[in-house]
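See structure below.
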């Protein structure tokens, strides 16, 4: 009986010891609640003690956390829609205020921080044009709102260290993207028309040059042909002259034959001559 009592006492002491010890790791902070009220906070890393059954220990991560959110649609100063996808990097700065505001639930903190961040971005984007939002410095857009965001986040014991815009899109159901596509088509059509005009101009230039080259080639060929015909006629005349000098009677005979050929070329020619006409001397028979 005495042994069982001592065993029970030892077990109870061990349970009490285990219930009174908690560990805070590096990068964490601890807090002790006494019947649900904050008794101690900002407890650093190490081994710590608390009253068992009376006090409860809570441990929170104080390292930087990424707070992601769904893309949000905003209106620029020109009343044009843009979809902005962003994320924030924050940390728990005051664990007592964090617990009182969120009950220690990080998801509740994210839900409460998202509207603060979105409203701050909305103010910045509403003051800028679409070109400034898309082409401008994203760090400048964010930098102007960090202070205002931290003023709202301080009530939850959270501090936003940095924020980044991942992507800026034009919503597919927005009139803006239709205007952008229409402008792109107009620009492409303008470029195509300019290229067609340049191509037509170059084609006309090539055709004109080809026509000029053709006229030059034809003129040069005609000139060479005239020259060759002249040279041929000169050589023929020289040959005829040489032949006539060698045998004048044969030359006269040949010229008469050519005259007969030209006279009766059409087959219907009629020539009336005197029988003693010299033109007929080669048609007479010696018999």
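The values are calculated or read from the model by the stated rules, or taken from the named source; none is laboratory data. Quick caveat, the model's predicted, so the values are computed rather than measured. Note that each Cβ is placed from the backbone with ideal geometry, even for glycine, and that neighbours are counted across all protein chains shown.
Among the residues of the range 124-153, which ones are out of contact with any helix residue (DSSP H, G or I) (no Cβ under 8 Å at 6 or more places or on another chain), part of a helix (DSSP H, G or I) and modelled with pLDDT of 80 or more?
126, 146, 147, 150, 151
Against the conditions (1) in a helix (DSSP H, G or I); (2) modelled with pLDDT of 70 or more, where does residue 266 fall short? Just the number, please.
(1)
So which of 109, 127 ends up being crowded, with 16+ Cβ neighbours inside 10 Å and either more than 25 Å from residue 28 (Cα to Cα) or assigned by TED's automatic domain parsing to the domain that holds residue 78 (or both)?
Result of the check over 109, 127: 109.
Tell me yes or no: at least one residue of the range 159-179 is under 30 Å from residue 86 (Cβ atoms), in the same structural domain as residue 117 (by TED's automatic domain parsing), at pLDDT 85 or above and out of contact with any helix residue (DSSP H, G or I) (no Cβ under 8 Å at 6 or more places or on another chain).
yes
Suppose the filter is at pLDDT 80 or above, in a helix (DSSP H, G or I) and under 18 Å from the mean Cα position of the chain (by Cα); does residue 188 pass it?
yes
Only one of (1) buried (at least 18 other Cβ atoms within 10 Å of the Cβ); (2) assigned by TED's automatic domain parsing to the domain that holds residue 142; (3) in contact with a helix residue (DSSP H, G or I) (Cβ under 9 Å, 6 or more places away or on another chain) fails for residue 81. Which number is that?
(1)
For the range 34-61, name all the residues that are in a loop (DSSP other than H, G, I, E, B) and buried (at least 17 other Cβ atoms within 10 Å of the Cβ).
If the condition is that a residue be in a loop (DSSP other than H, G, I, E, B) and buried (at least 17 other Cβ atoms within 10 Å of the Cβ), then 50 is the only one that fits.
Which of (1) in the same structural domain as residue 155 (by TED's automatic domain parsing); (2) in a strand (DSSP E or B); (3) modelled with pLDDT under 85; (4) out of contact with any helix residue (DSSP H, G or I) (no Cβ under 7 Å at 6 or more places or on another chain) is the odd one out, the single condition residue 91 does not satisfy?
All conditions are met except number (3).
Suppose we filter the range 102-123 for residues that are touching a strand residue (DSSP E or B) at 6+ places or on another chain (Cβ under 7 Å) and either assigned to a helix (DSSP H, G or I) or at pLDDT 85 or above (or both); how many remain?
The qualifying residues number 7.
Within the range 62-88, how many residues are without any contact (Cβ under 8 Å) to a residue 24 or more places away in the chain and not in a strand (DSSP E or B)?
Counting residues in the range 62-88 that are without any contact (Cβ under 8 Å) to a residue 24 or more places away in the chain and not in a strand (DSSP E or B) gives 2.
Could you tell me whether the range 220-240 includes any residue that is surrounded by 10 or more Cβ atoms within 10 Å (Cβ to Cβ), more than 59 Å from the chain's Cα centre (by Cα) and in contact (Cβ under 8 Å) with a residue 24 or more places away in the chain?
Checked the range 220-240: no residue is surrounded by 10 or more Cβ atoms within 10 Å (Cβ to Cβ), more than 59 Å from the chain's Cα centre (by Cα) and in contact (Cβ under 8 Å) with a residue 24 or more places away in the chain.
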